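Structure record follows, encoded as structure tokens.
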Amino acid sequence: MGTHPVWPSAPRAVDSAPGAGANDWIFADPRSQALLADIEQIAPSDASILISGETGTGKALIARHIHDRSLRRDGPFVVVSCGAFSESLVDAELFGYESGAFAGAFGAQQGWFEEANGGTIFLDEINDLALPVQNKLLRVLQTREVIRLGGRKPIPVDLRILAATSVDLEQLVADKRFRKDLYYRLNVVGLNVLTLRERPGDIVPLARYFIDAYSRRLGYPQLALTPDAEQRLIQAPWHGNVRELENVIHRSLLRCERSQIDAECLRLPLPLPAPCEVSASIPDTVAAPAVASAPIDDMTALRQVMRRLCTSQAENLHQTVEDTLLYEAFRCSNYSQSETSRLLGISRNVVRARLIRLGEISPHRKAPVGIDDDNDSDIHLRRTS
């Protein structure tokens, strides 16, 4: 998908402003509703806002919602991905340039700050900005003026700055990789967008929305979720947050041949049961595998889980355990097949084949921009860009 998904309110927590209905999102969980209450208070101001949260949690949609609820709603809303430009280009892209400023600069060009004049600019992944660019951004915040590359005349701009980060900016400040004064200028108000697993009340309403959206897009009849499917969705870890949930629903609709979406249609790994109380110790004659790098407590818990699984008489137990391990390793490796291969100690071809079988990747598609998998150009991760 080339555009961000739209997540309408379910239930609707506020009435949308005119023209803003397409930018609402799910506020069903109490913690999401608390975030919405904060947004409603700060949106009408011109204060700079720093939005933090994991990838896939909806930071861009939050920024859009803030703009739509602000007094600048009739002005432009400009989204800039700070990591999308090389260090040599980001200066010209943000601040513009005059004719002859560099080789190939034929004619003057406005930058993104000028484009956002009268409205809002959203700087996504602001942690990717190089220190020299951070210096210029600080000046814009202080003076509300920009100077184009190759120019000398300051150009006034009237805009609101929203920024987002998926990493800990305070740590970058401590490491001297992000300016402290810029951090405090941006973080007049800080909003933390929770992960999907931290707001479970949003999971099923989101899933229902994606079922409706993709059913209409694909021309399919709309299917209902069975209770066991809803339970499986709530139990999933959702390391990829809402984007991962969206992909699971899309994949389920494409493959489900039933009148309802049940847990089997979702093809999510079975949740590992909680470690059980072991009344008797493992006999000395049965030696546990030696794993030097794993803490003893972790290995004890793992053996307890495995014992519980073995006594549960679950079908396809070996395949379930193997699939779950690969599923979690793939996410812990930031969706890199090569890193997953190194982590598990198996060949990358085996990793690739199993990920295709699980529906995590599809063959013969070019990887989207921003996904680094050691030049795996034939693989397309099933994640929304």
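Values for this structure:
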quantity	calculated
Euclidean distance between Cα centres, segment 118-176 to segment 214-254, Å	38 Å
Peptide ranges 72-80, 36-44 listed from the most packed, as the mean C-beta count within 10 angstrom indicates	72-80, 36-44
Segment 43-192, relative contact order in percent, only Cα pairs under 8 angstrom and at least six apart counted	35 percent
Pairwise FRET efficiency - Glu87 versus Glu145, Cβ, R0 = 22 Å, nearest 0.05	0.45
Amide H contacts under 5 Å for Arg160, placed H, 5+ residues apart	Gly119, Thr120, Ile121
Sparse-neighbourhood loop sites, chymotrypsin sites (Phe, Trp or Tyr not before Pro) in segment 103-204 - DSSP loop, at most 14 other Cβ within 10 angstrom	Phe106
Highest average packing first - 140-146, 229-235, Cβ atoms within 10 Å	229-235, 140-146
Extension gain (nm, one decimal) between Cys332 and Ala105, 0.36 nm per residue minus Cα-Cα	77.4 nm
Label-point separation in nm, Ile346 to Gln222, each point 7 Å along Cα→Cβ	4.0 nm
Efficiency of FRET between Arg152 and Arg308 - r from beta-carbon atoms, R0 56 angstrom, step 0.05	0.20
Efficiency of FRET from Cβ geometry, Ile234 and Thr320, R₀ 25 Å, rounded to 0.05	0.85
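None of the figures in this text is laboratory data; all of them are computed from the coordinates on show. None of these values were measured; they are calculated from a predicted model. Heads up, the Cβs are rebuilt from the backbone with ideal geometry, glycines too, and the neighbour counts pull from every protein chain shown.
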